[in-house]
1. Go through (1) more than 16 Å from I57 (Cα to Cα); (2) touching a Ser or Thr at 6+ places or on another chain (Cβ under 6 Å); (3) modelled with pLDDT of 85 or more for A121 and report which single condition fails.
2. Please enumerate the residues belonging to the stretch 104-124 that are touching a residue at least 40 places away in the same chain (Cβ under 8 Å) and surrounded by fewer than 13 Cβ atoms within 10 Å (Cβ to Cβ).
3. Taking the condition of being touching a Ser or Thr at 6+ places or on another chain (Cβ under 8 Å) and assigned to a strand (DSSP E or B), how many residues in the stretch 72-89 meet it?
4. Quick one: which strands (runs of 3 or more DSSP E) lie wholly within the stretch 106-148 and hold at least 2 residues that are aliphatic (A, V, I, L, M)?
5. Starting from the stretch 86-99, keep only residues that are aromatic (F, W, Y), then list their pairs with residues that are surrounded by 13 or more Cβ atoms within 10 Å (Cβ to Cβ) whose Cβ atoms are within a distance under 9 Å, requiring at least 6 positions of separation or different chains.
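The values are calculated or read from the model by the stated rules, or taken from the named source; none is laboratory data. Please read all numbers here as calculations on a predicted model, not as lab measurements. Cβ sites come from the backbone with ideal geometry, for glycine too, and all protein chains shown count toward neighbours.
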Amino acid sequence: MNKILPAILIAFFSLLTFNSMGSNPTEWEIYFENDTLKIEYTYQNCDFSSTAKQEIIVFKFTNLISQNILLSYKTDIWHNDVCTNCEQESEESRYTIQIPSNETITTNCSDEWRGYAIFSAFITNDEKEQRYASLTKFELKEITISHE
């Protein structure tokens with residue numbers, strides 16, 4: 001029994017650490033893909049001068065065809081497991097983006113595509129860089145693609 005308890009504790013803490021580290025990937029994850037479009041996402045830390053750093057979800061939109069496309073979608077976001085905008089029909093949560101043929105648009109902290117990113121968490125500006133999570137889930141809904 002004395003040997004089993006430490007093994008259980010080690011397994012428990014290893015699992016807990018793995019889950020907390022793996023909850024926000026830094027590699028690109030495919031969110032949506034069809035013959036025309038691929039949408040990928042990842043998490044990125046943004047340092048906005050003196051304020052706390054912010055973790056945001058950035059997207060990579062890839063047009064897979066030789067025609068320009070117009071992508072439209074709605075973003076639903078959950079904070080503390082409660083959807084904060086699911087019942088709203090606000091223009092704030094609707095996005096449209098034109099993607100040239102065979103091109104990729106990648107959002108990030110600082111370019112004109114920053115408005116397409118989703119805020120995820122604050123990160124302290126100290127050595128520990130402690131993460132204060134806010135976003136618990138997001139969904140891109142009503143994805144429509146039209147050819148131009």
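1. In the conditions (1) more than 16 Å from I57 (Cα to Cα); (2) touching a Ser or Thr at 6+ places or on another chain (Cβ under 6 Å); (3) modelled with pLDDT of 85 or more, A121 misses (1) alone.
2. Selection gives S110, T124.
3. Qualifying residue count, the stretch 72-89: 8.
4. Where strands (runs of 3 or more DSSP E) fall fully within the stretch 106-148 and carry at least 2 residues being aliphatic (A, V, I, L, M), they are 118-123, 135-147.
5. Between residues of the stretch 86-99 that are aromatic (F, W, Y) and residues that are surrounded by 13 or more Cβ atoms within 10 Å (Cβ to Cβ), the close pairs are Y95/L71; Y95/S72; Y95/Y73; Y95/K74; Y95/T75; Y95/Y116; Y95/L140.
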